[in-house]
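See structure below.
The values are calculated or read from the model by the stated rules, or taken from the named source; none is laboratory data. Quick caveat: nothing in here was measured; it's all calculated off a predicted structure. Please note: Cβ atoms are built from the backbone with ideal geometry, for glycine as well, and neighbour counts cover all protein chains shown.
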Amino acid sequence: MADELSCELIMNYENTRADQTAANSIAPKPYKCLTWGSVSECMGYLHRRAIENRGAVERTKHMAAALRKELWHRLSFN
């Protein structure tokens, strides 16, 4: 999980706990799984995560291309 997602989960958890109206609700606690060990010991996990994140990389490439196209479009009108 990306750090910005982890931080948002923690902030939402803290806000829920601080909110007096939500005193009776149960706020989920965020957990983050980290690999521990040498690279060779963690390689299976890292390989699986790389495969799982392939879609995110493709979306990032698509967004970057769309932003470049929009920037070029806006600059060409000036």
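Of all residues in segment 1-50, those that are of a type in the set (A, V, I, L, M), in contact with a helix residue (DSSP H, G or I) (Cβ under 6 Å, 6 or more places away or on another chain) and at pLDDT 70 or above total 0. Residue pairs whose Cβ atoms lie under 9 Å apart, separated by 6 or more positions or on different chains, with the first residue in segment 40-53 and part of a helix (DSSP H, G or I) and the second surrounded by 10 or more Cβ atoms within 10 Å (Cβ to Cβ), are Glu41/Thr35; Cys42/Thr35; Tyr45/Thr35; Leu46/Thr35; Arg49/Thr35.
Yes or no, residue by residue, for (1) closer than 27 Å to Leu9 by Cβ; (2) surrounded by fewer than 10 Cβ atoms within 10 Å (Cβ to Cβ); (3) in contact with a Pro (Cβ under 6 Å, 6 or more places away or on another chain); (4) of a type outside the set (Asp, Glu):
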residue	(1), (2), (3), (4)
Cys42	yes, no, no, yes
Leu46	yes, no, no, yes
Ala64	yes, no, no, yes
Leu67	yes, no, no, yes
Glu70	no, no, no, no
His73	no, yes, no, yes
Ser76	no, yes, no, yes
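For Trp72, the requirement of being out of contact with any Asp or Glu (no Cβ under 8 Å at 6 or more places or on another chain), not polar (S, T, N, Q) and not in a helix (DSSP H, G or I) is not met.
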